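The values are calculated or read from the model by the stated rules, or taken from the named source; none is laboratory data. Just so it is clear, the model here is predicted, and its values are computed rather than measured. Using ideal geometry, Cβ is built from the backbone for each residue, glycine included, and neighbour counts are taken over all protein chains shown.
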Amino acid sequence: MVRAGGDQRIPRPAAVWVRPTNPFARLDHSSLRNTTDLLGRLQRFTNTLVQSPPPEGSRASAVLVPIFDGPSGPEVVLTRRSKSLSNHKGEVSFPGGRVDEGETFVQAAIREAYEEINLDPSHVQVIGEMSALSTYVSNSHIVPVLAYLQTPPSMSAVNAEVDRVFSVALADLVRDDTYVEEHWGTPPNQYQIHFFHLDDETVWGATGKMLHQLINIAVLKEWA
């Protein structure tokens, strides 16, 4: 039984295969409860990353993945997009948006976080970038920018594009009642979708992929 999740309408196709087991269940989760250990792993990953360039014709975008030390270890800040938006309405995401002309991905991520959740740029300690990913609906090439916050943010939305700001402990994301891996479609056109069912929100899509990548960096031995 998974947690309740949110009220989003998930556009599942007719062909869906659900992985019967949690791939994170037997891995070491200690770094998901220790912020210092996690930051070290993230730094080692970003130091070796070779970033892929945006495909021709795609929209260069960036999101900030803000991490802070909470009561149960590292937590990430997430937002819920307004239901009045044309794309990805009501979905959970990281603060972010399009890269303006002359901006770097890091600069865009920090600017968008300030505009959406009033995150003071002086409180953002950039760790580096995770692997970029592309979205089909909005034709975006998104670079997730990892950042450490020495103090928790205010968790208040200051932009009409955002309905809610909240945080979740990384250790909660690997619970058996939270993480679900689905495969949509049939080979060779099959896609792996990562779901994180929280008590009141469902994280999936591009943000689910980013969280899946973040957790893998945290728990795989190669980044220890």
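Please list, ordered by residue number, the strands (runs of 3 or more DSSP E) wholly in the range 106-224 having 1 or more residues that are within 15 Å of the chain's Cα centre (by Cα) and on the phi > 0 side of the Ramachandran plot.
124-129
Among the strands (runs of 3 or more DSSP E) lying completely within the range 7-104, list those that include at least 2 residues that are farther than 15 Å from Ala132 by Cβ.
Answer list for the range 7-104: 16-18, 59-70, 73-81.
Only one of Glu75, Glu112 is in contact with a strand residue (DSSP E or B) (Cβ under 6 Å, 6 or more places away or on another chain), crowded, with 21+ Cβ neighbours inside 10 Å and under 23 Å from Ser31 (Cα atoms); which?
Of the residues listed, the single one that is in contact with a strand residue (DSSP E or B) (Cβ under 6 Å, 6 or more places away or on another chain), crowded, with 21+ Cβ neighbours inside 10 Å and under 23 Å from Ser31 (Cα atoms) is Glu75.
May I ask you to list the residues in the range 131-173 that are hydrophobic (A, V, I, L, M, F, W, C), more than 21 Å from Thr35 (Cα to Cα) and surrounded by fewer than 15 Cβ atoms within 10 Å (Cβ to Cβ)?
Within the range 131-173, Val137, Val158, Ala160 meet the criteria.
Closer than 27 Å to Ala132 by Cβ and hydrophobic (A, V, I, L, M, F, W, C): is that true of Val2 in this structure?
Taking the combined requirement at face value, the residue does not satisfy it.
Specify which of the listed residues (Asp100, Asp69) is at pLDDT 90 or above, exposed (fewer than 13 other Cβ atoms within 10 Å of the Cβ) and of a type outside the set (Phe, Trp, Tyr). So that I can check it myself, show each step before the final result.
On the way: Asp69 fails: exposed (fewer than 13 other Cβ atoms within 10 Å of the Cβ).
When all the criteria are applied, what remains is Asp100.
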